[in-house]
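Read the structure below first, then the notes.
The values are calculated or read from the model by the stated rules, or taken from the named source; none is laboratory data. What you see is a predicted model; the values in this text were computed from it and never measured. Ideal geometry is used to build each Cβ from the backbone, glycine not excepted, and the neighbour counts take in all protein chains shown. To get the accessible areas, we keep the full protein, side chains included, count just its heavy atoms, and leave off ligands, DNA and RNA. Shrake-Rupley method; radii C 1.70, N 1.55, O 1.52, S 1.80 Å.
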Amino acid sequence: MRLPSRRSLAEARMALGSFDRFLLLYGTMFAAFGVASPFLPALLHERGLGPSEIGAVLAAGTAVRLITGPTISRLADRFNSHKQILAVLLAMAAVIAFGYDLPAGFAIFLIVSVAHASTLAPIVPIADAMTLAAAPGRFQYGWVRGGASAAFIVGSVSAGQVIAATSLTGIVWMNGTLLALAAIAALWLPRNALDRSSAPREANVRALLAAPGFLPLMALAAFVMSSHALHDGFEVLRWEDGGIGPGAAGLLWSEGVLAEVVVFVVVGPTLLRWLGPAGAAALAASAGVVRWSVTAVTAWLPAMALVEPLHGLTFALLHLACMQMLSVVVPPALAATAQGIYGGVAVGTMTAIMTLFSGPLYGTLGPRAFWVMALLCAAALPIALTMRRIPDASGSSPI
């Protein structure tokens, strides 16, 4: 039997070490998100804010993300300081998070929300750019992202238990502590291809927008991802109207989240190898057409149990495909900038628009509003198919 060489053992240790470090970063970040996201409106209400004030606080945070996400991600590319900027942002977010524990009113919480959102917005784009640069030959990006989704669930469940045992204030301390741990984890990340050059990068956003395939990819992601807006806001109401009780609704929702983790970790990487990223994106868009079409015509429990796992394709597989296509069409000098535009501008803006219109759509059309979501996915399908013919950033092999 031939024993592994010292070189192969060293490479295996390096791969495992990189994966562990990124998994720790994403685990602490997304656990922090899971702790805060479901319960922040309730915390603000407990602090004395009314529904319109809570809406204003949350909307202000969402709006500022559209600016700070791409802008700070661009600075990380410009100065080759991804790890340092990521760590500083996480540390700032940790400190600002404790502002939600202040005995304050609307104005102070509005400032805290804007400041917190400003620091959080570039975190995932920068982290994704670093992970994609470090992953080839070492680990799958989907493994890290699947761990992040699992950590979000653990964070949400743990926060619920803490609130039940203490009070809503517990989520402030949990969120701040987890973000501080994420800042430490960011400093522990290995140096990778994004930060190897010591000279400032001269590539600009205009070059990114002109990159073959970049704008179609943004449209593809915006259409499919934003189609989830109606589901997130009104799917449970749709199920209730169809006679599905809270217990079954919770199981259906959990089924979708579990499918997301499974696709990120196991199924998604395999489908990417078989179909390529453009083919995987086409499959995700097709799954969206099926998922929302079925939801538009029925809330029969067995049908919902069959289509809800399609969330693994419409969200997780689509995200994996977009990440791989971004790594192909985007010059390395603009990796974090591209991630900021992808998450903050393309997907973020379109999702905000669809969330805004979801209420009037559902109020007017009822369950038939899901046909609009199906049309969004149908519009993305030809874009995904044309992405097959787009060359990579070096102008050579197509996607």
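A search for C-beta distances below 6 Å between a residue of segment 342-365 that is in contact (Cβ under 8 Å) with a residue 60 or more places away in the chain and over 17 Å from Cys377 (Cβ atoms) and any residue that is of a type in the set (Lys, Arg) and open to solvent by 40 Å² or more (accessible area, probe 1.4 Å), counting only pairs 6+ apart in sequence or on different chains, returns Gly344/Arg65. Does segment 387-398 contain at least one residue that is modelled with pLDDT of 95 or more, in contact with a helix residue (DSSP H, G or I) (Cβ under 9 Å, 6 or more places away or on another chain) and charged (D, E, K, R)? Within segment 387-398, none of the residues are modelled with pLDDT of 95 or more, in contact with a helix residue (DSSP H, G or I) (Cβ under 9 Å, 6 or more places away or on another chain) and charged (D, E, K, R). Applying the criterion of being open to solvent by 20 Å² or more (accessible area, probe 1.4 Å), aliphatic (A, V, I, L, M) and assigned to a helix (DSSP H, G or I) to the residues of segment 81-105, the residue that is nearest to Leu44 (Cα to Cα) is Ile96. In the set Leu306, Leu318, Leu252, Leu283, only one residue is in contact with a helix residue (DSSP H, G or I) (Cβ under 6 Å, 6 or more places away or on another chain) and modelled with pLDDT of 95 or more; that residue is Leu318. When you check Leu208 against the structure, is it touching a helix residue (DSSP H, G or I) at 6+ places or on another chain (Cβ under 9 Å), more than 30 Å from Ala378 (Cα to Cα) and modelled with pLDDT under 95, yes or no? It is false that Leu208 is touching a helix residue (DSSP H, G or I) at 6+ places or on another chain (Cβ under 9 Å), more than 30 Å from Ala378 (Cα to Cα) and modelled with pLDDT under 95.
Test Ala346 against the stated conditions and say whether it is among the hydrophobic types (A, V, I, L, M, F, W, C) and either closer than 24 Å to Ala369 by Cα or open to solvent by less than 10 Å² (accessible area, probe 1.4 Å) (or both). Write out each step before concluding.
Numbers: among the hydrophobic types (A, V, I, L, M, F, W, C): yes; either closer than 24 Å to Ala369 by Cα or open to solvent by less than 10 Å² (accessible area, probe 1.4 Å) (or both): yes.
Here the answer is yes, as Ala346 does meet what is asked.
Within segment 147-173, the set of residues being surrounded by fewer than 16 Cβ atoms within 10 Å (Cβ to Cβ) and either outside any helix (DSSP H, G or I) or in contact with a Leu (Cβ under 9 Å, 6 or more places away or on another chain) (or both) comprises Thr166, Ser167, Thr169. Scanning segment 79-111 for residues that are over 20 Å from Phe39 (Cα atoms), of a type in the set (A, V, I, L, M) and in contact with a Ser or Thr (Cβ under 7 Å, 6 or more places away or on another chain) yields a count of 2.
Scan segment 48-80 for residues that are polar (S, T, N, Q) and open to solvent by less than 30 Å² (accessible area, probe 1.4 Å) and jot them down.
Restricting attention to segment 48-80, the residues satisfying the condition of being polar (S, T, N, Q) are 52, 62, 68, 71, 73, 80.
If the condition is that a residue be polar (S, T, N, Q) and open to solvent by less than 30 Å² (accessible area, probe 1.4 Å), then Thr68, Ser73, Asn80 are the ones that fit.
The C-beta contact set for segment 122-139 (first residue free of Cβ contacts under 8 Å to residues at least 24 places away in the same chain, second residue small (Gly, Ala, Ser), distance under 6 angstrom, 6+ apart or interchain) is empty. Inspect all residues belonging to segment 246-258 and state whether any of them is open to solvent by 10 Å² or more (accessible area, probe 1.4 Å), assigned to a helix (DSSP H, G or I), more than 21 Å from Arg368 (Cα to Cα) and of a type in the set (Val, Ile, Thr). There is at least one residue in segment 246-258 that is open to solvent by 10 Å² or more (accessible area, probe 1.4 Å), assigned to a helix (DSSP H, G or I), more than 21 Å from Arg368 (Cα to Cα) and of a type in the set (Val, Ile, Thr).
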